[in-house]
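See below for the structure under consideration.
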Amino acid sequence: MTRRHIAAALATFAACTLAATAMAASDFTGFYLGAAGTYNASHLKNSNLVINSSSKIDNTRFGGRMYFGYQFTPYCALEAGYANLGKIDIDNINGGTTNGRLSQTALDITARAIWPFSFGLYVYAKGGAAELTNEGERGLEALASHYGITRRKWHALYGAGLGYKLTDTLAIEMSATRIQKRHEIPSIESYAAGLEYHFG
């Protein structure tokens with residue numbers, strides 16, 4: 001047996017080993033449940049509410065998301081979730097002393113396309129739709145309602161994630177999601193980190 005044959009045999013063995021490891025890393029199937037903390041950034045501007053240019057809008061805040069899904073194969077899944085995207089603080093509405101808040105929540109339905117790697121690592125892309133709800137608080141109720149900000153509307157969403165399989169049923173995940181702008185409601189980016197439990 002020549003060195004070339006030995007090298008080819010070793011390469012084939014290595015490829016098979018990596019493939020088997022990758023399959024072992026991606027054998028999640030069935031129902032799963034997840035929970036994550038989120039850092040959210042909206043793009044709400046003074047012009048969206050027709051408020052004074054001196055008003056200050058804090059578009060960044062923390063929130064959370066819970067979701068439930070079904071993984072049909074190691075490579076695809078479908079899930080539904082609820083996200084509390086936190087509250088946007090708005091100071092000095094119309095240049096006065098009135099302050100307000102805009103609370104944002106979302107119900108979403110998404111599909112995942114998953115690509116597994118070795119050693120329990122996997123990545124995925126996701127896409128779907130979210131019903132976004134904005135609720136004015138503390139003096140912002142009438143203003144937000146007047147300009148259509150508080151109406152419930154469906155928005156397109158897309159994102160990507162990275163996960164690591166800790167055990168046969170538990171994984172840790174990080175993801176980034178964008179809820180697209182629609183009409184007067186601006187887009188939102190949400191960055192999440194959490195745990196996912198697979199029932200097996």
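Every number here is computed from the coordinates shown, using simple stated rules; none is lab data. Keep in mind that what you see is a predicted model, and the values were worked out from it rather than measured. Here the Cβ is made from the backbone with ideal geometry for all residues, glycine too, and neighbour counts use every protein chain on show.
So the values come out like this:
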| item | result |
| --- | --- |
| Qualifying aspartates and glutamates (Cα of each under 15 Å from Cα of LYS165; at least 8 residues distant if same chain) | ASP27, GLU173, GLU196 |
| Net charge contributed by nearby residues that have their C-beta within less than 12 Å of ARG65 (K/R +1, D/E -1) | -4 |
| Sequence-distant residues sharing a close amide H with SER187 (under 5 Å, placed H) | HIS43, LYS181 |
| Distant-in-sequence amide H partners of PHE117 (H built 1.01 Å from N, under 5 Å) | TYR122, VAL123 |
| Under 11 Å, Cβ to Cβ, from LEU166 - net charge with Lys/Arg +1 and Asp/Glu -1 | -2 |
| Residues listed by number, segment 170-195, amide nitrogen under 15 Å from ALA125 label point at 7 Å toward C-beta | 176-178 |
| Environment charge at HIS198 (Cβ cut-off 11 Å; Lys +1, Arg +1, Asp -1, Glu -1) | -2 |
